[in-house]
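Undergrad: Take a look at this one; I'll ask things after.
Since every read-out is calculated from the coordinates, none of them should be taken as a lab result. Predicted model, so just to flag it, every value in this text is computed and none were measured. Glycine also receives a Cβ, built like all others from the backbone with ideal geometry; neighbour counts cover every protein chain displayed.
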């Protein structure tokens, strides 16, 4: 299920930088659509990142994160060849995940 | 697994797997997502929901955000904590209908650093709350919003 996410992890001198893009509407539950109807809230609530299977980052999100969320984080212990996975779960129970191998910067 | 599988068996397996896949995250969600904090309508309520109290301003939190956001729907911000033992960073937008935007927890060598794109409803204070060693620290920056982004 990688069609709704992009990820890139690059090892730099001091840390590995991971950039993630998730394709998601992030509806607040307050926006009206073209028909004047309120779009129900639909947003990512949890994001988890793992390094070689071990959790390194856990995030809880509200409706204030932009549509198609973009996130960057840094890992001290990761280097080229390590596997980083990111998973999200939204308020409707849908989820997405992607993983990548760290490349040398 | 046998390569040849009849249709009934296939459907049963799929339904069982789908059921597991749906049930697991929902259970996890109920336990992990801090509804009290994220649904709070003001900063005070959100902080209370997070259990954050006795918050001290700190110069060791770097909060980077534009002075002027042309489009409040997408405002890129960067937060870095230089406070030793940082466990978590929360981001709050004072004037948003629900101010708590995100709360990040760092473990196992993740640096207390994030870049995130957020929505800002109107001009107001952006806050970063850092939890380190069980204590809370804050930094704030005023961001002027030209067109609000919390439809």
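Undergrad: Can you work out the FRET efficiency for the pair residue B:123 and residue A:31, with r the C-beta to C-beta distance and R0 = 22 Å, to the nearest 0.05?
TA: Values: r = 20 Å, r/R0 = 0.91.
Calculated value: 0.65.
Undergrad: Using only Cα atoms, locate the centre of region A:13-80 and the centre of region B:70-112, then give the distance between them in Å, rounded to an integer.
TA: Region A:13-80 and region B:70-112 have Cα centres spaced 12 Å from each other.
Undergrad: Label residue A:83 and residue B:36 with points 7 Å out from Cα along Cα→Cβ: what is the distance between them in nm?
TA: The modelled label-to-label distance comes out at 3.8 nm.
Undergrad: Give me the distance in nm between label points sitting 7 Å out from Cα along the Cα-to-Cβ direction at residue A:23 and residue B:141, one decimal.
TA: 3.1 nm
Undergrad: Can you give the % of DSSP beta bridges in the protein assembly as shown that are antiparallel, to the nearest 5? Could the numbers behind the result be given before it?
TA: Details: 76 of 83 bridges.
DSSP beta bridges in the protein assembly as shown are roughly 90 percent antiparallel.
Undergrad: Label point 7 Å out from residue B:78 along Cα-to-Cβ: which residues of region B:99-113 have amide N under 18 Å?
TA: B:111-113
Undergrad: Would you please give the FRET efficiency between residue A:76 and residue A:6, computed as 1/(1 + (r/R0)^6) with r the Cβ-Cβ distance and R0 = 22 Å, to the nearest 0.05?
TA: Efficiency for this residue pair is about 0.40.
Undergrad: Could you tell me whether chain A comes out rounded, prolate or oblate from its Cα gyration tensor? Rule is a ≥ b ≥ c as square roots of the eigenvalues, rounded for a/c under 1.5, then prolate if a/b exceeds b/c, otherwise oblate.
TA: prolate
Undergrad: Given the DSSP H assignment, sum -39500 (n - 2.57) over each helix run of at least 4 residues in the protein assembly as shown and divide by its residue total; what's the result at 222 nm in deg cm²/dmol, nearest 500?
TA: Mean residue ellipticity, 222 nm, calculated: -4500 deg cm²/dmol.
Undergrad: Related question: Where a ≥ b ≥ c are the square roots of the eigenvalues of the C-alpha gyration tensor, would you call the protein assembly as shown rounded, which needs a/c under 1.5, or, failing that, prolate if a/b is larger than b/c, or oblate?
TA: Because a/c hits 1.5 or more and a/b fails to exceed b/c, the protein assembly as shown counts as oblate.
Undergrad: Using the basic label-point model (7 angstrom from Cα toward the beta carbon), what is the residue B:87 to residue A:68 distance in nanometres?
TA: It works out to 3.7 nm between the two label points.
Undergrad: Note the direction-averaged projected area, equal to a quarter of the hull surface, for the Cα convex hull of region B:63-151, in nm².
TA: Average projection, Cα convex hull of region B:63-151: 5.2 nm².
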